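Down below is the structure, laid out as structure tokens.
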Amino acid sequence: MVLEKAETDSYFKYGIYTSRSLMVKHPEIYLQADDLFLKAVQTNAGFQKSYEIDDVHNEYLLGNELTGPAFSFDLVDFAKYEIIGSAGIYPDKYPVLPYVDRRLLSIASTLKPAGIGVTQLAKAEQYYFSLKEKGTVLDQLYLVYCDNENAYIHHQGDLIVANGLQKASQIEGNPVLIFNEKSVWYPLMERDDTSKDATLRQIVTKYATDLVVPELSDFEAGLVSRFVKATALGDSQVNMAVIAAARNWEREDVLQNKPFMVVWEKTGIWDKFPLRNLNARIALVQGLLLKSNYLSPITAYLSAVIEDQEGEARIEALCREYLAHTISERPWAHGHIWMCGIMEFNIEDSYYAYAGCCTTQAANIKAPLDILGIDSYWIHARFPEPPLEGHSHIYIPEQDLVVDNGRVNRTPTTYHASVLCNADGRETPRQCVTFIEYSGKWANLNPIDRYCGTLSPREAIDILNFLTSVHNDELRGITYNFTAISSGELINRLEAQKRLWMSLKLP
């Protein structure tokens, strides 16, 4: 489904990069995206402490008062890691494809996993960036990845095995991917930059064997050419792919050194659309997160868990299985591992690192519902006045209930689509709707003066009218100066934008 839609819908194309699957034509995008994340935590105060905190609920990780040194790889004890295979990211009973489900998870997650296990490729990437931090130039630094999942760092002519980080004279396995942030040799995905990179050519000549593609299932083999086509990038698409893989929307209030801003500026998509608005960037990333989750074996398993259930039992079974693998201490799924807002996490990250704010949790629950065709609305709402906090929920009309951070909220009112219900049952109204996703389309309504997305104003009006009619709730809007407006005024402003609105098309 994803590959078919990617032929005409670029959101699905970039969603593949958001998924971090290795089945992409431009794996260097992942290194470029992680380099941006690392620049943020290596050049801004307070990220040493963020790295050292294990409690994902620690208030420091909200990012309001970061203090102390920045992050450095000098803090990383590489010997502590247990090496796992790519399938080790997932619970044993989950279905995992032999190669499509090999992923290079975000370095934000692999530096702080919930356990201590990392794949060899993830450890190799960390060591690659630690050498880069110490001054190694890019054309002397490459990652070598083999069909048996062994990984190596090629550093200034030396071959370093990822497992023990000792020098090796030869490679155990067949190299199928050799790359850094600029150059790639990847026969499976029809990439060969050896003609323009002499060092890459030397590495390939020295270490490549007759077997240059990994073993694939029959199902995967039939999809290779479609992945090549779907993930091919033109010059104007590279920066958007980096944004998709980095999943950052940038905390401008905290980060003084803003490496992510460089990429946003280069995309060119601001020429026509109001993505200088931070909230529009958040909404775009949210839309890409959902697309990425369609490729996950976690989504596949969660869908299977509820397929034979009926009614509310389906939702309870989904949440029960999801929470069994994503919670840390508290009975709901939520947590930060670096700083709230520095990036968003997909469903793999939530299982692997117990990471993800309410936005992540909503995208994770929405994906299996979509796969099974269960009608649902993803709604984000916020306070109109300080502290301006917001929260995401999934509303399911059939059962008239809300899923909140992986929990079933049984209070029968759509008003709960715009409130945060705390563990003690206390309700904190957040009546200003700022984001809607429904049936594959999304819209940013924060502020309403800069409405944008793929959901038209007409469709947004219909959704708001439906949500307010179920229990006669009022879902208000918010203006550019953080003034709350009534649901009637919100509808009027959407009506005024019908003629000028254009769907947000990506490069």
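Once the piece of chain linking Thr8 and His57 is laid out straight, how much longer is it, given 0.36 nm per residue of separation minus the C-alpha distance between them? Mind showing how you got there, number by number?
Details: separation 49, 0.36 × 49 = 17.64 nm, distance 4.05 nm.
That pair, Thr8 and His57, stretches by 13.6 nm at full extension.
Take the eigenvalues of the Cα gyration tensor for the stretch 311-375, scale each by 5, and report the square roots as semi-axes in whole Å, largest first.
22, 14, 8
Nothing charged except the Cβ atoms of Lys and Arg (+1) and of Asp and Glu (-1): what's the magnitude of the dipole of the chain about its Cα centre? Round to the nearest 20 debye. Mind dumping the intermediate values first?
Details: 47 positive and 65 negative charges, 245 e Å.
In total the dipole reaches around 1180 debye.
If each DSSP helix of 4+ residues adds -39,500 (n - 2.57) and the sum is divided by the residues in the chain, what number results at 222 nm, nearest 500 deg cm²/dmol?
-10500 deg cm²/dmol
Among residues other than Tyr99 whose Cβ falls under 13 Å from its Cβ, what is the net charge (Lys/Arg +1, Asp/Glu -1)?
Counting the neighbours of Tyr99, the net charge comes to -4.
Report, to the nearest 10°, how far helix 487-496 tilts away from the longest principal axis of the Cα atoms in the chain, using its own Cα long axis and a range of 0 to 90°.
60
Which pairs in the list Lys13/Lys196; Lys291/Lys441; Lys39/Lys291; Lys13/Lys132; Lys5/Lys366 are over 20 Å apart, alpha-carbon to alpha-carbon?
Table pairs above 20 Å Cα-Cα are Lys13/Lys196; Lys39/Lys291; Lys13/Lys132.
For the stretch 340-411 and the stretch 77-102, compute the distance between their C-alpha centroids and round to whole Å.
25
By how many degrees, 0 to 90 and rounded to 10, does the Cα axis of helix 297-307 deviate from the longest principal axis of the chain?
40
Return the loop-located chymotrypsin sites (Phe, Trp or Tyr not before Pro) in the stretch 431-491 (DSSP other than H, G, I, E, B) with at most 14 other Cβ atoms within 10 Å of their own Cβ; answer none if there are none.
Tyr480
If one computes the Cα centroid of the stretch 168-212 and of the stretch 433-454, what distance in Å separates the two points?
Answer, in whole Å: 44.
Counting C-alpha atoms alone, how compact is the stretch 273-395: give Rg to one decimal and Dmax as a whole number, in angstrom.
14.7, 45
List the trypsin sites (Lys or Arg not before Pro) within the stretch 101-165 that fall in a DSSP loop (any state other than H, G, I, E or B) and whose Cβ has at most 14 other Cβ atoms within 10 Å.
Numbers: sites: Arg102, Arg103, Lys123, Lys132, Lys134; in loops: Arg102, Lys134.
When the trypsin sites (Lys or Arg not before Pro) of the stretch 101-165 are filtered for loop state and at most 14 Cβ neighbours within 10 Å, Lys134 remain.
Between the stretch 1-56 and the stretch 489-507, what is the C-alpha centre distance in whole Å?
When both Cα centres are located, 30 Å separates them.
Each reported figure results from applying straightforward, stated rules to the coordinates on display, with no laboratory input. In this text the structure is predicted, and so the values were computed from the model without any measurement. Positions of Cβ are backbone-derived with ideal geometry, glycine not excepted, and every protein chain shown enters the neighbour counts.
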